[in-house]
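The values are calculated or read from the model by the stated rules, or taken from the named source; none is laboratory data. Remember, it's a predicted structure, so these values are computed and weren't measured experimentally. When we count neighbours, we look across all protein chains shown, and the Cβ atoms used for this are built from the backbone with ideal geometry, even at glycine. We work out accessible area using only protein heavy atoms, side chains counted, and drop any ligands, DNA or RNA first. Shrake-Rupley method; radii C 1.70, N 1.55, O 1.52, S 1.80 Å.
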Amino acid sequence: WDYGRRRQRYLVTYALSCLAKPSGASYAPLSLLYMYFFEETAGSRLRRLGASLKKAAPSFVACLLLLVFIKKMDPATWRAGGGSFFHYVITQPYVLLHYFVTFFAPLHLSADTDWRPLSSVFDVRFLAGSLFLAGLIAVAAFTARTMRLRPISFGILWFLLTLLPTSLIPLAEVMNDHRLFLPYAGLVV
């Protein structure tokens, strides 16, 4: 593994995943997180973070280059299909809550849900989703403190990081069950 990592051979499969679907770019932050949690265990948090960043730097450089290339390949007329960025983003905490519940109780799955973006932060769904997201982040922070519980934190952060691309780009559908293949791998942990 170390021989392949020194020669950056792992970037080939990473590049292929990004070219197949841009959400493959989540590999870079996931690799940083993995290195920080499980490989760099000695020293202060800052030293561990620095060492992890150094190891993960090729992934981030490849990520940036691939995303720029993919963006340049998009035709000028391409649109993601979504409307307001603000309304789309305030809907995402509730969508995350729905995804989480669906992992444990896969009911009402649909390829086309026709969910609409929330119209205001005063919607009870925004409050429920935001409280859920804050609680999930708190659990991830708490479980990251000890080596024995770090896999829980890693799984939660995997779930959140891999959903980030579809949570920040206003797509035509605010929620879609097929976006969960990669994020659910984190929840399995």
Identity of the residue in the stretch 36-71, open to solvent by less than 80 Å² (accessible area, probe 1.4 Å) and of a type in the set (Lys, Arg), that ends up farthest from the chain's Cα centre (by Cα): 48
Which one of these does residue 27 not meet: (1) touching a Ser or Thr at 6+ places or on another chain (Cβ under 7 Å); (2) hydroxyl-bearing (Ser, Thr, Tyr); (3) under 24 Å from residue 134 (Cβ atoms)? (3)
Is there a residue in the stretch 7-28 that is surrounded by fewer than 17 Cβ atoms within 10 Å (Cβ to Cβ), over 19 Å from the mean Cα position of the chain (by Cα), outside any helix (DSSP H, G or I) and at pLDDT 85 or above? no
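Out of the residues in the stretch 142-171 that are open to solvent by 70 Å² or more (accessible area, probe 1.4 Å) and of a type in the set (A, V, I, L, M, F, W, C), which is nearest to residue 96 (Cα to Cα)?
First, pick out the residues of the stretch 142-171 that are open to solvent by 70 Å² or more (accessible area, probe 1.4 Å): 142, 145, 147-148, 152, 164, 168-169.
Going one step further and asking which of them are of a type in the set (A, V, I, L, M, F, W, C), we end up with 142, 147, 152, 164, 168-169.
Numbers: 142: 20, 147: 26, 152: 17, 164: 10, 168: 12, 169: 15 Å.
Step by step, filter the stretch 142-171, then rank; the result is 164.
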Sole miss for residue 91 among (1) of a type in the set (Ser, Thr, Tyr); (2) open to solvent by 50 Å² or more (accessible area, probe 1.4 Å); (3) within 30 Å of residue 113 (Cβ to Cβ); (4) out of contact with any Phe, Trp or Tyr (no Cβ under 7 Å at 6 or more places or on another chain) is condition (2)
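Kindly check whether there is at least one residue in the stretch 33-42 that is free of Cβ contacts under 8 Å to residues at least 60 places away in the same chain, within 26 Å of residue 11 (Cα to Cα) and not in a helix (DSSP H, G or I).
Within the stretch 33-42, the subset free of Cβ contacts under 8 Å to residues at least 60 places away in the same chain is 35-36, 39-40, 42.
From the residues that got through so far, the ones that are within 26 Å of residue 11 (Cα to Cα) too are 35-36, 39-40.
Narrowing the set further to residues that are not in a helix (DSSP H, G or I) leaves 40.
Yes; the residues of the stretch 33-42 include at least one that is free of Cβ contacts under 8 Å to residues at least 60 places away in the same chain, within 26 Å of residue 11 (Cα to Cα) and not in a helix (DSSP H, G or I).
So which residues in the stretch 73-88 are open to solvent by less than 70 Å² (accessible area, probe 1.4 Å) and either assigned to a loop (DSSP other than H, G, I, E, B) or modelled with pLDDT of 90 or more (or both), if there are any at all? Talk me through it step by step, then tell me what you get.
Taking the stretch 73-88 first, the residues open to solvent by less than 70 Å² (accessible area, probe 1.4 Å) are 74, 80-84, 87-88.
Within the stretch 73-88, 74, 80, 82, 83, 84, 87, 88 meet the criteria.
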Can you tell me how many residues in the stretch 120-134 are within 20 Å of residue 159 (Cβ to Cβ) and either within 17 Å of the chain's Cα centre (by Cα) or open to solvent by 60 Å² or more (accessible area, probe 1.4 Å) (or both)? 7
